[in-house]
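Below: one structure, written as structure tokens.
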Amino acid sequence: MADSPAQFRGQARLPRFAAPLRYDLRIRPDLAACNFSGAAAVAVAVSAPTRFLVLNAAELDVDRASIRFQANVTQFEEDEILVIGFDRELPVGEGVLTMDFTGTLNDQMRGFYRSKYVCNGESRNMAVTQFEAADARRCFPCWDDPAFKAKFKLTLEVPSDLVALSNMPVVKETISGPIKTVYYEESPLMSTYLVAIVVGLFDYIESSTSEGTKVRVYTQVGKTNQGKFALDVAVKSLDLYKDYFATPYPLPKLDMIAIPDFAAGAMENYGLVTYRETALLYDELLSSASNKQQVAITVAHELAHQWFGNLVTMEWWTHLWLNEGFASWVSYLAVDSLFPEWNNWTQFLDETTSGLRLDALAESHPIEVEINHASEIDAIFDSISYDKGASVIRMLQSYLGAERFQKALASYIKKYAYSNAKTEDLWAVLEKESGEPVKDLMTTWTKQQGYPVICAKLNGHDLELEQAQFLSDGSSGTGMWIVPITSCCGSYDAQKKFLLKDKTDKIHIKEFTASQSSDGDKNIWIKLNIDQTGFYRVKYDDELAAGLVNAIKAKKLSLMDKIGIVEDSYALSVARKQTLTSLLRLLNAYHDESDYTVLSHVTSVCLSISKISVDATPDLNKDIKQLLINLLQPAAIKLGWDPKDGESHLDVMLRSLLLIALVRLGHNETINEGVRRFHIFLEDRKTSLLPPDTRKAAYLAVMRTVSTSNRSGYDALLKIYREAAEPQEKSRVLGSLSSSPDKDIVLEALNFMFTDEVRNQDSYYILGGISLEGREVAWTWLKTNWDHVLKTWKSSSLISDFINSIVSPFTSEEKAAEVSEFFACRIKPSFQRALNQSLERVRISARWIESIRSEPSLGQAVQGLLQGTA
């Protein structure tokens, strides 16, 4: 065996000749000096003779003298490893490795970090951990790889007036003057990324599950009433999952806590789940209906992880989707059971849409992705792992049937509890339980990127199908899938299901035609991919497409199918497989739609068309906007600005959606009314004229009227921001500030991000709101401030937000080349994927514009639709 510690450099994973069994950790954070000290005693099992122990450590000072044996310690900061070399071979068997270490409580929202909060008017620090994916090594030296599961016994030394939480319940506390020592129960076997510590001043409320598990929500002092809704969802979700997975919740307690500075939405640490405040807190008076839904879905997602992720853990980050795709899918199952009136499975198509859009890029990646360095992991916490992952699970569940699927999942959880699993392990269990070819079917969806578009055309009595990989740039990829096809004709009563295994196939219409429709019926329609359970798109020939437009007008289709048709048609238009003219005609069929779930997709398509037409057909832009306003206005007029007694949760969400869309489309009446109500709200914050649900629309309306010479609206919004105590209200304001058509105001909003008044985690609200008119100034700003951005927002997911938000809205090849050139010598692996995807989006828009300009009858069609004659 080579003798140099350097032999362990440049490896994706740690060597397997030694593994931890149990960590005994003692950690003392100093919240004033922003550092910490610690001591570790790790029981290690050596399975093959070795002179070295290799573990992870980053940004830690390890006291070499504290290692009990005579050893040489080498730290490779770049590889984030610590190599301990001994004079002689370690015998096979168990031993204990001890060491002392110190580190910094950083401000990067990863590892062991500090978060600022205000208590009784005074600013204080709390200490928080965020270890996923590979940052436990920033708190203590460890085998920081999900496959190295071990037991953890923690002891914390903290100021005696503070609350100190970890994964397990407290066994005892001893107080010595200003410091108390808190001892925690030993944990079951778990991965390092799930260890958690939070130290600060908190209040809590508590409840219990039907099994007696104690559940608490911790908040900043005085905010516990905002934790009630999440607590209720948590208790009910734990009861539901216990039955669904046929396995009890594995720990003695569950704490959930809101953290002011938090990079992600939430983190499923075993028994101590951490959240951004907006994802956990809900206030009846101050939060909107969409906030409420967000809290429910996030809580249900994190608690699903307690089984899927924490009890059974992916073997390596390649299988991250097993964690995230499943938690996303199952959270909808839970929320649908708790709030059936939210129509949650129809809203699930938001996830599917987002997965389909990203996966249509050549710069996408397979669900299962090779990870060769810790720095690459963060980039795959994206729409593929979460949304495509969840969508292919829904597709599989729909193919196998809900009952068989649930039974198989319960077997999988039992078989791999307290250990690790790979994607193939799940397929093997599902295949055994169902008798279906799950592995062959699903491998085509997880090991290759992309998905197919199924082209359907009618040839006499045969429906001919052909699959090809769908790409937004209009090219055809080489992928082939085993596709679960579902179809119906004229009604949902008779459905045909089969697997399309080849490039082409055909079905005789008689096989799935409901008996009551005759061949001569001109209202016949055929719909493939019923309720959008499959992760693919469908392109219909003209005859079939016309039949579906009639079916939409005649209200024959399910909500999910109405969504699928508009999303597929939009995607085909972007890819230049269908004209914008035909997309506008299709949209026109939705003019008397009143359902939130359908209209949320229709408005999103309308806003995309409005944006592209600014660059593609400036002379038609006004008319196209008017056409889209006419489409959305009937539903908006019906709902008005004011809430009505007894209206549904979805109508409350729809009002907000439509008003925001009309403001963005430049509808003057809506903008004027928003401004009018805003001025009343400025005088009286409790006015019923601007409840939380319509505030964002009013804020955006105000910003449409703001300019350098008339900036009172901007200053008024800043005042609201500064006076708001709730993060949800602050985020509404931040999401509006950069939406002014005035470039100088956009610049001011971007610079506001650099002040202490905006937490780093909230930058994406401002970035996401940048007006079309502000594109150029935002890009110049990013170039000027790039080094500062890189230094301040080290977390790659946040850096990616800057690139996505500022680069993607451009629509010319020249701009793509300019951006490419700027980043040529500045690229880093952590944001390479985000940059490539953003540049691809710019080039796709440029091609779409060319295609729109070459449509001969677009202007005529727009006029016809405006006059109601098309």
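I need the full set of residues from region 476-490 which are part of a loop (DSSP other than H, G, I, E, B) and modelled with pLDDT under 95, in order please.
THR478, GLY479, GLY490, listed by residue number.
Does region 626-675 hold any residues that are more than 15 Å from SER594 (Cα to Cα) and in contact (Cβ under 8 Å) with a residue 60 or more places away in the chain, and which are they?
GLN626, LEU627
Looking only at region 463-482, count every residue that is over 17 Å from LYS577 (Cα atoms) and of a type outside the set (S, T, N, Q) and tell me the total.
Final tally of qualifying residues: 6.
Could you go through region 761-773 and let me know if any residue there is among the β-branched types (Val, Ile, Thr) and open to solvent by 40 Å² or more (accessible area, probe 1.4 Å).
No, every residue in region 761-773 fails to be among the β-branched types (Val, Ile, Thr) and open to solvent by 40 Å² or more (accessible area, probe 1.4 Å).
In region 451-470, which residues are assigned to a loop (DSSP other than H, G, I, E, B), surrounded by fewer than 16 Cβ atoms within 10 Å (Cβ to Cβ) and touching a residue at least 24 places away in the same chain (Cβ under 8 Å)?
Result: HIS461, single match.
Mind telling me which of the residues GLU840, GLU813 ends up being among the acidic types (Asp, Glu), more than 21 Å from MET109 (Cα to Cα) and open to solvent by 60 Å² or more (accessible area, probe 1.4 Å)?
Checking each option against the conditions leaves just GLU813.
Can you tell me how many residues within region 245-294 are out of contact with any strand residue (DSSP E or B) (no Cβ under 9 Å at 6 or more places or on another chain) and assigned to a strand (DSSP E or B)?
0
Collect the residues in region 691-723 that are part of a loop (DSSP other than H, G, I, E, B), surrounded by fewer than 22 Cβ atoms within 10 Å (Cβ to Cβ) and either of a type in the set (Phe, Trp, Tyr) or touching a helix residue (DSSP H, G or I) at 6+ places or on another chain (Cβ under 8 Å) (or both), keeping them in residue-number order.
THR705, THR708, ARG711
State all residues of region 783-810 that are among the aliphatic types (A, V, I, L, M) and either in contact with a His (Cβ under 8 Å, 6 or more places away or on another chain) or buried (at least 16 other Cβ atoms within 10 Å of the Cβ) (or both); if no residue qualifies, say none.
Within region 783-810, VAL789, LEU798, ILE799, ILE803, ILE806, VAL807 qualify.
Just the residues that are within 38 Å of the chain's Cα centre (by Cα) and assigned to a loop (DSSP other than H, G, I, E, B), please, taken from region 76-103.
Selection gives GLU77, GLU78, ASP79, GLU80.
Go through region 15-29 and give me each residue that's assigned to a strand (DSSP E or B) and open to solvent by less than 50 Å² (accessible area, probe 1.4 Å).
Selection gives ALA18, ALA19, PRO20, TYR23, LEU25, ILE27, PRO29.
Just name the residue that is surrounded by the fewest Cβ atoms within 10 Å (Cβ to Cβ) out of those in region 582-616 that are under 15 Å from LEU627 (Cβ atoms) and polar (S, T, N, Q).
Ranking the candidates gives SER608 first.
Among the residues in region 609-624, are any within 30 Å of ASN344 (Cα to Cα), touching a residue at least 40 places away in the same chain (Cβ under 8 Å) and hydroxyl-bearing (Ser, Thr, Tyr)?
Looking for residues that are within 30 Å of ASN344 (Cα to Cα), touching a residue at least 40 places away in the same chain (Cβ under 8 Å) and hydroxyl-bearing (Ser, Thr, Tyr), one finds at least one in region 609-624, hence yes.
Show the residue pairs that are 6+ apart or on different chains and have beta-carbon atoms under 7 Å apart, the first residue being within region 432-447 and open to solvent by 50 Å² or more (accessible area, probe 1.4 Å), the second being not in a helix (DSSP H, G or I).
Matching pairs, first to second residue: ASP440/ILE482; LYS447/PRO366; LYS447/GLU368.
Counting residues that are in contact with a strand residue (DSSP E or B) (Cβ under 8 Å, 6 or more places away or on another chain) and either acidic (Asp, Glu) or open to solvent by 10 Å² or more (accessible area, probe 1.4 Å) (or both), which helices (runs of 4 or more DSSP H) fully inside region 295-408 reach at least 3?
none
Could you identify the single residue in ASP473, ASP561, ASP493 that is open to solvent by less than 10 Å² (accessible area, probe 1.4 Å), acidic (Asp, Glu) and not in a strand (DSSP E or B)?
ASP561
So, SER558, is that one among the hydroxyl-bearing types (Ser, Thr, Tyr) and under 23 Å from LEU866 (Cα atoms) or not?
No: the conditions fail for SER558.
From THR784, THR755, THR811, grab the single residue that is out of contact with any helix residue (DSSP H, G or I) (no Cβ under 9 Å at 6 or more places or on another chain) and more than 30 Å from TYR275 (Cα to Cα).
Going through THR784, THR755, THR811 in turn, just one is out of contact with any helix residue (DSSP H, G or I) (no Cβ under 9 Å at 6 or more places or on another chain) and more than 30 Å from TYR275 (Cα to Cα): THR784.
Residues to consider are ALA65, ALA45, ALA12, ALA32; find the one that is of a type in the set (A, V, I, L, M) and either surrounded by 17 or more Cβ atoms within 10 Å (Cβ to Cβ) or part of a strand (DSSP E or B) (or both).
None of the others qualify; the one that does is ALA45.
For region 409-431, give me the residue count where each residue is over 24 Å from TYR270 (Cβ atoms) and open to solvent by less than 40 Å² (accessible area, probe 1.4 Å).
So the answer is 2.
Can you name the number of the only condition in (1) more than 25 Å from GLN863 (Cβ to Cβ); (2) in contact with a helix residue (DSSP H, G or I) (Cβ under 7 Å, 6 or more places away or on another chain) that LEU587 fails?
For LEU587, the failing item is (1).
If you go through region 57-79 one residue at a time, do you hit one that is in contact (Cβ under 8 Å) with a residue 12 or more places away in the chain, among the basic types (Lys, Arg) and within 26 Å of SER375 (Cα to Cα)?
no
Against the definition (within 30 Å of SER800 (Cα to Cα), among the charged types (D, E, K, R) and not assigned by the TED database to the domain that holds CYS119), how does GLU284 come out, yes or no?
no
Has region 89-109 got any residue that is modelled with pLDDT under 95, under 19 Å from LEU165 (Cα atoms) and in contact with a helix residue (DSSP H, G or I) (Cβ under 7 Å, 6 or more places away or on another chain)?
Yes, there is a match, as at least one residue in region 89-109 is modelled with pLDDT under 95, under 19 Å from LEU165 (Cα atoms) and in contact with a helix residue (DSSP H, G or I) (Cβ under 7 Å, 6 or more places away or on another chain).
So, ASP742, is that one closer than 24 Å to ASN291 by Cα, of a type in the set (Asp, Glu) and either out of contact with any His (no Cβ under 7 Å at 6 or more places or on another chain) or open to solvent by 50 Å² or more (accessible area, probe 1.4 Å) (or both) or not?
No; evaluated as a whole, the condition is false for this residue.
Conditions: (1) in a strand (DSSP E or B); (2) crowded, with 20+ Cβ neighbours inside 10 Å. ASP145 meets all but one. Number of the miss?
Here ASP145 clears every test but (1).
The values are calculated or read from the model by the stated rules, or taken from the named source; none is laboratory data. This one's a predicted model, so the numbers in the text were calculated from it and none came from an experiment. With ideal geometry, Cβ positions are generated from the backbone for all residues, glycine too; neighbour counts draw on all protein chains shown. Surface areas here come from the heavy atoms of the whole protein model, side chains and all, with no ligands, DNA or RNA. Shrake-Rupley method; radii C 1.70, N 1.55, O 1.52, S 1.80 Å.
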